[in-house]
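Please treat every number below as a calculation from the coordinates, not as lab data. Not measured: the values here are computed from a predicted model. Don't worry about glycine lacking a Cβ; one is built from the backbone with ideal geometry, like all the others, and counts go over all protein chains shown.
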Amino acid sequence: MIQNERKWTYELIIEKIPPFKYLPRHFDVLAQLIIMAITGSAINYVFGLPFVSLVYGLWIIFVVILQSTIAIYYGPALRTLHPPINPVEKITFEKYREQMFDSKIILTIGLIIFIGGAGYFLTPSLGLKSFSGWLGGNLNPVLLVFVFLLWWDLAYRIGLGLYTTFLSFVKSIQLFSAAKLRGPMEYMPMVNIRTFIKVSLANILFGVVALLLLLPISGLGFRTGMDEILFAVTITYFLLVIILGSLAIGIVDAIPKLPPHINKLLRDSDFAYVGISVPFKFTHVTPVIFVFDGRSLYFATSKESQKLKDLKKNKKIAFLVDHRDPTESYNNEAILTLGRGKVYNFIETLIQGIRMLRVRHLFAQKYPRYMSAYKKNDKHVPLAWKTKPFISRQLIRVDPDRMIYWHGVKKIDISAAL
Amino acid sequence: MKTISQQKIPEEMLELLKKGIFAYLCTTDKRSWMPHIVTIFYVLDPNTQDIYFITSPTSKKYRNLLDYPRISLTIDERDVQNPFNNEGILVRGTAQSMYQFWSPELKLTLKAIEKDQRSIKFFTRYTAREDYEESERSLILRILSLFQQKYPQFLSTPGRDVEVVAGSLERVMVQLNISSISYWRGPKFKKFKMA
C-alpha cells in the first residue's frame with residue numbers, strides 16, 4: 001500500500017481498470033491510444049463533424065498519449081532512488097519524492113487549468129470562436145461532454161508537466177545548498193543525480209510535446225483561424241518548462257559528486273601514479289602530474305611514451321593518489337581510481353574546446369612552477385618533454401568507474417558517487 | 001634511449017632502490033586486465049638483487065599475482081618545484097616464489113619470530129609442502145631482518161603496521177625477480193636489462 005502512495009492517479013488507473021490491468025505495461029499506452037482513437041472517430045461520425053474536427057481530435061489524442069508515455073517513463077525511475085548519506089540531502093530528496101506523487105496538488109492544478117480553459121472556450125469574446133471552429137459549429141451538449149473529457153485528459157497532463165518542472169527546479173536549488181552541508185565523507189549516490197536529470201529531461205519533453213498543440217491553435221492548413229491568446233499561452237508554457245528544466249539540470253549537475261574530503265585530496269595532491277596493463281606483458285606504472293575537474297582526472301604524457309602505446313591496446317587505467325606520513329602509518333591516505341583512459345585527438349580537442357581550456361587553466365594554476373620550468377628549458381629538452389600540445393604532448397582523460405579510499409587500514413568504497 | 005644489458009643493476013638505479021621507502025606496485029587482474037596499484041614496503045636482497053615484499057594472502061594484489069605474475073613497480077623522488085629534479089625507476093619483474101607463513105600469535109614481531117621459530121608455520125600453495133627447508137626458513141628470517149633494519153619505526157610497534165609482519169595471522173612474502181629497469185632523471189632516460 002505504501003507503494004501506491006508514490007503513484008500518479010493515471011498510473012493507478014492503468015493498473016486497476018480493465019482492459020489496462022490485464023495488459024503488460026508497454027501495451028497500456030497503445031491500448032489507450034486505440035480506445036481513444038476509436039471513440040473519437042465514432043463521436044466524429046455520430047455528430048456529423050467535419051473532417052477538420054477528426055484530424056484535430058486525433059491529433060490531441062496523440063499529444064495526450066505522448067504525455068502519458070513520458071509520465072510512465074520517469075514515474076518508476078523515481079521510485080528506485082537510493083537515500084543520500086547526508087541527512088539534509090536525504091530529507092530534501094525524500095520530500096521531493098513525496099511531492100512528486102502528491103495527487104491532490106496535481107489534480108488541483110489540472111482542475112484549475114481545466115476550468116480556466118473551459119471558461120475560455122465558452123466565453124464568446126474569448127475562445128468560443130476558435131472552439132466552435134474546431135467542431136464545425138456543432139455545440140451539441142452531449143458532444144461537449146466528450147470534448148471536455150478529452151480536454152480534461154490534456155489539462156491534467158499539462159498541469160502534471162508544469163508541476164513536476166517547478167518542483168524539480170525548486171528541489172535542484174535546495175539540493176545544491178544541502179550539498180554544502182556534507183560531512184567530509186558524505187556524498188549523493190550518482191544514481192539519484194542521474195534520475196533527477198532524467199526527470200528534468202522528461203519535463204523538457206513535456207514542453208516540446210506541448211508545441212504540437214500549436215497545430216489546432218494556429219488552424220494551420222484548415223483555415224479555422226489563429227487563436228492568438230492560446231498561441232501565446234502555449235509558447236509561454238513551452239519556454240517556461242524548457243528554461244526551468246534546463247536550469248534544474250544545470251544546477252544539479254554543478255553539485256560536487258564526490259565526498260568533500262576526496263574532492264580536496266584529488267585537487268590538492270601533487271602527484272599520482274598511473275598503472276596500465278597490456279595483456280600478457282609486464283604492467284606499467286609511472287608517476288604523473290595531474291588535475292581533477294570534479295568529475296574526471298587529466299594527465300598529459302609524451303607522444304613517444306610507453307603509456308600512450310599501451311593505452312591504445314587496453315584503455316583500462318588504475319590511478320593512485322597517495323598521501324604518506326613517513327612516521328605514522330595510521331595517517332596514510334590513498335585513493336585508487338579504476339577507470340578508462342580517453343586519449344584526445346586533435347579534432348576531439350577542438351570540439352571540447354572550453355573543457356580543454358579549463359583543463360589547461362587547472363594545470364597552470366596547480367603547477368605554476370612546473371609550467372615555467374618547462375617553458376624556460378624548452379629549447380634544451382628532448383622532443384618528448386616539450387610542452388607543445390599535439391606535437392609532443394598528449395592529454396589523457398581518466399573517467400572513473402570505481403573509486404576506493406583508504407585511511408590507515410580502513411577501506412571505503414565510494415564508487416556509488418560516480 | 002640507451003639500454004644497458006648486464007648482470008648487475010647500474011649504480012644510480014641501485015641507489016634509488018636502496019634509498020626508496022615506498023614502492024608503487026602495479027598488478028593486474030587477469031580476467032579483465034584491469035590494473036591495480038598499491039603502495040608497498042619492500043627490501044632489496046643485496047646478494048641476489050631480488051625485491052621482496054610482504055602482503056596478506058587475501059589482498060587483491062596477491063590474488064592478482066597468483067594469476068598473473070608479470071608486474072611492475074615504481075620508486076621515485078619528486079620535486080614539487082622543478083620537474084628537472086625528478087628521479088625515478090620503473091622496475092619490471094616476475095613474482096617468483098611466494099612464501100606463506102602463519103603464526104598463532106596475532107601480534108607478531110620479528111623478535112618473537114626469532115625467539116621461537118616453532119611459532120611460525122610455513123606453508124605454500126605450490127609445492128603442497130606443509131613445511132619449508134631449512135634454507136628457506138633462514139631466507140625468510142634474513143629478509144624479515146632486512147625489513148626490520150629498513151623500517152624499524154613500523155616494526156617496533158607491533159600491531160600498528162599492516163604491510164610488514166604484524167596485524168594479521170597470515171602473511172605472504174613475495175620474491176620479485178627483476179627483468180628490467182627504466183631510469184629517469186629529469187628528461188634523461190636510461191634502460192637496464194638483466195642479462
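So here's what we get for this one:
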item	result
Which of A:201, A:144, A:47, positive extreme of dipole for segment A:3-255 (C-beta unit charges)	A:201
Helix-only CD estimate at 222 nm, as mean residue ellipticity for chain A, using -39500 (n - 2.57) per DSSP H run (n ≥ 4)	-19000 deg cm²/dmol
Cβ-based exposure ranking for B:22, A:231, in which fewest neighbours within 10 Å come first	A:231, B:22
Farthest positive-ward along segment B:1-103 dipole, Cα basis, beta-carbon charges - from B:97, B:46, B:21	B:97
Relative frequency of Cα-Cα separations exceeding 19 Å in segment A:21-89, percent	52 percent
Helix runs (DSSP H) in chain A reaching 18 Å along axis by Cα, Kyte-Doolittle at least 0.5	A:25-46, A:51-79, A:103-122, A:141-179, A:190-210, A:228-253
Over 15 Å [Cα-Cα, segment A:158-255], rounded percent	64 percent
Cα-based convex hull, segment A:3-255, per residue volume (Å³, whole number)	122 Å³
Square roots of 5 times each gyration tensor eigenvalue, C-alpha, the protein assembly as shown, largest first, Å	67, 28, 20
Phi-based couplings in Hz for segment A:343-350 (Karplus 6.51, -1.76, 1.60; Gly and Pro marked x)	8, 7, 9, 4, 5, 4, 5, 4
Likely footprinting exposure, A:346, A:148, fewest C-beta neighbours within 10 Å first	A:346, A:148
Over 23 Å between alpha carbons, listed pairs A:342/B:60; A:312/B:2; A:180/A:257; A:198/A:313	A:342/B:60; A:312/B:2; A:198/A:313
Estimated dipole of segment A:3-255 in Debye, rounded to 20 [Cβ of Lys and Arg +1, of Asp and Glu -1, Cα centre]	340 debye
Dipole of segment A:236-304 [Lys/Arg +1, Asp/Glu -1 at C-beta], most positive-end residue of A:262, A:239, A:250	A:262
Distance between segment A:205-267 and segment A:42-63 - C-alpha centres, whole angstrom	29 Å
Burial ordering of A:206, A:169, fewest other beta-carbon atoms within 10 Å first	A:169, A:206
Dipole in debye (nearest 20) - the protein assembly as shown, about Cα centre, beta carbon charges: Lys, Arg +1; Asp, Glu -1	1660 debye
